[in-house]
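These notes concern the structure reproduced below.
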Amino acid sequence: MSDLSAVSIQGLTKRYGGFTAVRELNLEVAPGEILGFLGLNGAGKTTTIRILLDLLRPTSGHAFVFGHNCQRNSLRARAEIGYLPAEMSIYPDLTGRDVLHLFAGLHSRPSSLTLRGELQERFQLPDRDLRRRLREYSTGMKRKLGLIQAFQSDPRLLILDEPTEGLDPLMQEAFYALLADTRRRGGTVFMSSHVLSEVERVCDRIALLRAGELALLRTVGELRDLAIRRVRVILNADTPPPSELPNGARLIGADARTLTFEVDGVLGPLLATLRPFPVADMEVGEAKLEDVVLKYYRGGERQ
Amino acid sequence: MKAPALFIAHSLKRSRALVLSMGILLSVFQVLLILVAGSIQRSGGFSQIAAMLPPFVREMMGPSIATFMSYAGIVSLGYFHLSVMGSLVGLSIAIATVPASEVETGFIDLILSRPLRRHWIITRTIVVLLVSFTFVLGCMTLGTWIGLSTLSPAGVVRPSVRLIGMLAGNLVLLMLAWGGVALAIAAGSRRRSVAGGITGVMALAMFLLDYIGRLWKPAQSVAWLSPFRYYSPFDLVMGTPLPGKNVLILSAIALAGFAAAYVMFSRRDISH
């Protein structure tokens, strides 16, 4: 599996003295996939990313990028990666152009000026701005520069840490469009984010870390199915609520002609229960990924 | 080699302002010293100054006092004056602790996310140290040459090119030794201030140890521990050739520091 995967993490553990930052993590990311890597602060996301980049050495276990061991063959692994850190810590006296030139030159994949131009256009960062020093950049401009330096070598794997932090809504849209294009071209994205609506929108799968352990690994569709939905049933006549409800359904409100349920899982069994009732109309609330993820954040739940 | 060369060029570019200003400052200092030496020479004041020195200083300097209290001696002072030594040790620490600063700020995350071997962080720093000291000492000797060519009183005995060369060479080795110590400490540090602070305090302690060792006989038994022990400008001014032992020990300290830095940096976790 590891030879086929864009990212393969096998039994990865990282300890700092008595503290375990990541524990026995197993994760595979397929080429062309966009994986949302979620978790509260201190859950182990950054530690995992730093092991992929060989900045940290695991206590046990292995990580591979396109079959290259991230520690033993780290140069080959890193040659496939474009990285955007959560914070762009770059000398403020450098110009944007210096930054792009330096990081393009350090990559073994050749950067094309055409691609850089396209990225500049997408993120509205013209040459005029690139001639300015970073100390004059706003947070959003630094983020745009960070995204351009990560994408400019057209790497096969993008590791993005909070990519839209500081971007305005228009630039967020530009970023989502870039991700869609990247996916179309077969690029893989390993993306850490706290913005659940964004993850829901752009990611194929979600991996959620809690206290260094993988608490959840599902597709976005599967997660939506897990979400608790609110169902409001309007009746034609005064009717008492059903005396028995299927597993996963709970009556949370009832008046003469309206029943409100919360349903955890598929709706079929509830609809079957309601068949004898004089149903005039029905409203089903949209399943929200956020509800499921927050449940896992709070603890107790496991995939 | 394109990526490492680009990285080294980037680092040299970043340190150019500091190194350039240090080179200019110290070369101007050499010219000023030559100006002062010429003025004393013209007024015939060298013997008076020697007579005014406190007895313990005369005792410490021994017979070298006569040589030192001369035009050539004062000109040579530019290579072992306390402010010059302090500035150069400071420059050594500033350059050698760059890896710790890059870890602290997170800049290194972006550098090492590229396919660049870790050893280039240390190799780059050593190259910058070598280039910087060659440049600064080059500026100093240039300052000395310009000063001597234009400001020397007629008929005065000037310091030989060999003496200036030996002083500069010994000083470069001393600074590389401190660069090695600072780099070894920085390679294991997450904070530049910690690495710089530890090296600075060590340098001060070692300077005092050497100084006390020269004044107080019982301290001589431990004074050999100080790298400053292996920079002996008074002996050089007296005409003694640069001792091979000094060259060997200072080179060994520098190389041991560089080797320790390579090992530590290749094994460490990089987190800020």
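Would you confirm whether or not the stretch A:107-129 contains a residue that is within 14 Å of another protein chain (Cβ to nearest Cβ) and without any contact (Cβ under 8 Å) to a residue 40 or more places away in the chain? Spell out the reasoning first.
Initial filter on the stretch A:107-129 (within 14 Å of another protein chain (Cβ to nearest Cβ)): A:107-111.
Retained after the next criterion (residues that are without any contact (Cβ under 8 Å) to a residue 40 or more places away in the chain): A:108.
There is at least one residue in the stretch A:107-129 that is within 14 Å of another protein chain (Cβ to nearest Cβ) and without any contact (Cβ under 8 Å) to a residue 40 or more places away in the chain.
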Step by step: first the residues of the stretch B:195-246, then only those that are in contact (Cβ under 8 Å) with a residue 12 or more places away in the chain and among the basic types (K, R), then the one that is surrounded by the fewest Cβ atoms within 10 Å (Cβ to Cβ). Which residue is that? B:K245
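Okay, residues lined up against (1) in a helix (DSSP H, G or I); (2) at pLDDT 75 or above; (3) touching a helix residue (DSSP H, G or I) at 6+ places or on another chain (Cβ under 8 Å); (4) away from chain A (no Cβ under 14 Å):
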| residue | (1), (2), (3), (4) |
| --- | --- |
| B:F7 | yes, yes, yes, no |
| B:H10 | yes, yes, yes, no |
| B:F29 | yes, yes, yes, yes |
| B:I40 | yes, yes, yes, yes |
| B:A50 | yes, no, yes, yes |
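Take residues that are small (G, A, S) and tell me which of the helices (runs of 4 or more DSSP H) falling wholly in the stretch A:104-189 contain 3 or more. Can you show your working first?
Values: elements: A:113-122, A:127-130, A:139-151, A:169-184.
The qualifying helices (runs of 4 or more DSSP H) are A:139-151, A:169-184.
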Here is a list: A:R78, A:R50. Which entry is more than 29 Å from A:E290 (Cα to Cα) and either within 23 Å of the chain's Cα centre (by Cα) or within 13 Å of chain B (Cβ to nearest Cβ) (or both)? A:R78
Scope the stretch B:247-272; condition part of a loop (DSSP other than H, G, I, E, B) and surrounded by fewer than 17 Cβ atoms within 10 Å (Cβ to Cβ); matching residues: B:D269, B:S271, B:H272
Out of the residues in the stretch B:227-272 meeting the condition of being under 16 Å from the mean Cα position of the chain (by Cα) and among the small types (G, A, S), tell me which one is farthest from the other protein chains (Cβ to nearest Cβ). B:S232
Residue match in the stretch A:18-28 (condition: within 14 Å of chain B (Cβ to nearest Cβ), of a type in the set (D, E, K, R) and in contact with a Gly (Cβ under 8 Å, 6 or more places away or on another chain)): no
State which residue pairs qualify: first residue among the polar types (S, T, N, Q) and inside the stretch A:162-180, second residue in a loop (DSSP other than H, G, I, E, B) in any location, beta carbons under 7 Å apart, and separation of 6 or more residues or different chains. A:T164/A:V195; A:Q172/A:T164
The lone condition B:L225 fails out of (1) in contact with a Phe, Trp or Tyr (Cβ under 6 Å, 6 or more places away or on another chain); (2) not in a helix (DSSP H, G or I) is (1)
Taking the stretch A:243-282 on its own, how many of its residues are closer than 19 Å to A:R224 by Cβ and among the small types (G, A, S)? 4
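Return the residues of the stretch B:160-212 that are outside any helix (DSSP H, G or I) and polar (S, T, N, Q); say none if nothing qualifies. Spell out the reasoning first.
At the first step, the residues of the stretch B:160-212 found to be outside any helix (DSSP H, G or I) are B:160, B:188-191.
B:S160, B:S189, listed by residue number.
Considering A:V284, A:V293, A:V279, which residue is under 30 Å from A:N41 (Cα atoms) and out of contact with any Asp or Glu (no Cβ under 8 Å at 6 or more places or on another chain)? Spell out the reasoning first.
On the way: A:V284 fails: under 30 Å from A:N41 (Cα atoms); A:V279 fails: under 30 Å from A:N41 (Cα atoms).
When all the criteria are applied, what remains is A:V293.
The values are calculated or read from the model by the stated rules, or taken from the named source; none is laboratory data. These numbers were taken from a predicted model, which means no experiment stands behind them. Reconstructed Cβ throughout: ideal geometry from the backbone, glycine too, with neighbour counts over all protein chains shown.
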